[in-house]
Each structure stands twice: as structure tokens, then as C-alpha cells.
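Student: Just dropping this structure here.
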Amino acid sequence: MSKAPELALISERPSLGGWAHWTLCLMAQLTLAGAVSAQGATLQQTCVAANSNLPLTRFQDNGDGTVTDVNSKLMWMRCPSGQRWIDARCTGQATSYNWAAAVRQADQISSNGEAFFNDWRVPALRDLATITDRGCKNPRTNLVVFPGTPPSAFWSSTARPGGKSEDLAFALSFGVEGVLAARKDERFYLRLVRNAM
């Protein structure tokens, strides 16, 4: 069961004139059903509403474990690979992959028809950046749209410029790390995407 967002008092600070005043930030502290880390612990996500850039209205729920971003025209799986969409939430454990295994996973999901389409792919770094919410942390995305997202790195299909494409690719962390240039033998999570239109 989801808990309703609450306003929280963030800080008390003196003004330049020495008067104390309350600074009230619109901070929603969300504890959401299905918001479970890869290790199974409940995440305590915090979001500053004034800084949020990933509103619910941007996504069309397709009712099948996918959402379509009406701005980018990308269709996303709501759950990281390894989890399943059951009873309107992500269940199970997210799976980490090396880069080659992530590409194979996308190919397998596309070829077996398990997710209704045959063109799922590892997202480009630019694609992943569109589902990052700069107003949230732990993880930096909208957990209503993407429940079960760990605050960890996810593979992109984008090779590191100037590097050997067989050696390095970019990953995007939904934790504090941001963009990572990583060896392809490292293990990160995967969220599949396809062009919706």
C-alpha cells in the first residue's frame, strides 16, 4: 500500500538580518509499495517537488508492465530486467549483467515475444537520462512510474568516445554516482526500452 506524500520541514536558518525564519521545501517523503532495492530492502526515496522533472503526467501506463513517455516517444519496461510486473508492481530481484549479457537479454526478450514487441533494446545513455529525476534521490527516478528501481547503475548501449568500443561503455547510476564510463565486464542493471512511434 502506498503512503501519501507528506510535506516535511527541511531546515531552520537565520536570515541575513539575523531573524530566524523557516525554510519550507516541498519535499515529498515517499514510501511506495513495490519500491524495493535489488537486495530486498525498502527504499526511502526523497523528492524535492520544486526540482522534480519527471511528472506522472508525462507517462502513459500501457497496463502491461510498460509505460510510454509522451515527450520522448519511448516505451519503457517499468521493472528492471529480472523483475516481473505482477499485480501492478515489480516483484522478484533485479538482475545485474555484464554489458554483453545485457545486450543478449534484450535480444532474447525481443525474439521470444515475451513482452509483446520484437524491438526491445539496451537504452542509449541519452534515453536513460530522460527517466532521471533531478529532484529525487535514492533512487533518482519516479518510483510510481518505475517501481523497484535500485539506486544503482544501469547499462547503456553508448560506447565511450575515444575508447575502444569493445572495452568501455557508459552506465547511468540512479544513485549518487551519475554517469559512469565502465568496463564491459562490470555488472550493472538493465531496463529495456523501445521506440514507441
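Student: Hey, any hits in the range 37-50 for a residue that's buried (at least 16 other Cβ atoms within 10 Å of the Cβ), farther than 19 Å from Y189 by Cβ and either modelled with pLDDT of 95 or more or small (G, A, S) (or both)?
Tutor: Scanning the range 37-50, I find no residue that is buried (at least 16 other Cβ atoms within 10 Å of the Cβ), farther than 19 Å from Y189 by Cβ and either modelled with pLDDT of 95 or more or small (G, A, S) (or both), so the answer is no.
Student: Identify all residues within the range 165-197 that are within 20 Å of T68 (Cα to Cα), in a loop (DSSP other than H, G, I, E, B) and charged (D, E, K, R); write none if there are none.
Tutor: Residue satisfying the conditions is R191 alone.
Student: Based on what the data block shows, is Q93 out of contact with any strand residue (DSSP E or B) (no Cβ under 6 Å at 6 or more places or on another chain), surrounded by fewer than 18 Cβ atoms within 10 Å (Cβ to Cβ) and under 18 Å from A153 (Cα atoms)?
Tutor: Taking the combined requirement at face value, the residue satisfies it.
Table: residues versus (1) modelled with pLDDT of 95 or more; (2) closer than 22 Å to A49 by Cα.
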| position | (1), (2) |
| --- | --- |
| L125 | yes, no |
| R134 | no, yes |
| V144 | no, yes |
| P147 | no, yes |
| S157 | yes, no |
| L168 | no, no |
| V176 | no, yes |
| V193 | yes, no |
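Student: Taking N98 and the conditions (1) over 17 Å from the mean Cα position of the chain (by Cα); (2) buried (at least 23 other Cβ atoms within 10 Å of the Cβ), which numbered condition does it fall short on, given that it satisfies the others?
Tutor: Unmet condition: (2).
Student: Residues to consider are R121, R126; find the one that is basic (K, R) and touching a residue at least 40 places away in the same chain (Cβ under 8 Å).
Tutor: The unique qualifying residue is R121.
Student: If I filter the range 174-196 for residues that are within 13 Å of the chain's Cα centre (by Cα), acidic (D, E) and on the phi < 0 side of the Ramachandran plot, do I get at least one hit?
Tutor: No, the range 174-196 contains no residue that is within 13 Å of the chain's Cα centre (by Cα), acidic (D, E) and on the phi < 0 side of the Ramachandran plot.
Student: Something else now. Can you tell me how many residues in the range 152-165 are surrounded by 15 or more Cβ atoms within 10 Å (Cβ to Cβ) and more than 12 Å from P80 (Cβ to Cβ)?
Tutor: 5
Student: Here's a check for you: in the range 134-155, which residue that is among the aliphatic types (A, V, I, L, M) and in a loop (DSSP other than H, G, I, E, B) is nearest to T66 (Cα to Cα)?
Tutor: Here the answer is V145.
Student: Another question about this same structure. Going through the range 148-197 one residue at a time, which ones are small (G, A, S) and in contact with a Cys (Cβ under 9 Å, 6 or more places away or on another chain)?
Tutor: The answer is G148, and nothing else.
Student: Please specify each residue of the range 82-111 satisfying the condition of being part of a loop (DSSP other than H, G, I, E, B) and among the hydroxyl-bearing types (S, T, Y).
Tutor: T95, S96
Student: Could you say whether any residue in the range 114-133 is among the acidic types (D, E), within 19 Å of S152 (Cβ to Cβ) and part of a loop (DSSP other than H, G, I, E, B)?
Tutor: Yes: the range 114-133 contains one or more residues that are among the acidic types (D, E), within 19 Å of S152 (Cβ to Cβ) and part of a loop (DSSP other than H, G, I, E, B).
Student: Considering only residues of the range 56-73 that are free of Cβ contacts under 8 Å to residues at least 24 places away in the same chain and out of contact with any strand residue (DSSP E or B) (no Cβ under 7 Å at 6 or more places or on another chain), which is farthest from F117 (Cα to Cα)?
Tutor: Per the stated criteria, the residue is T57.
The values are calculated or read from the model by the stated rules, or taken from the named source; none is laboratory data. Just so it is clear, the model here is predicted, and its values are computed rather than measured. Methodologically, a virtual Cβ is constructed for each residue, glycine included, from the backbone with ideal geometry; neighbour enumeration extends over all protein chains shown.
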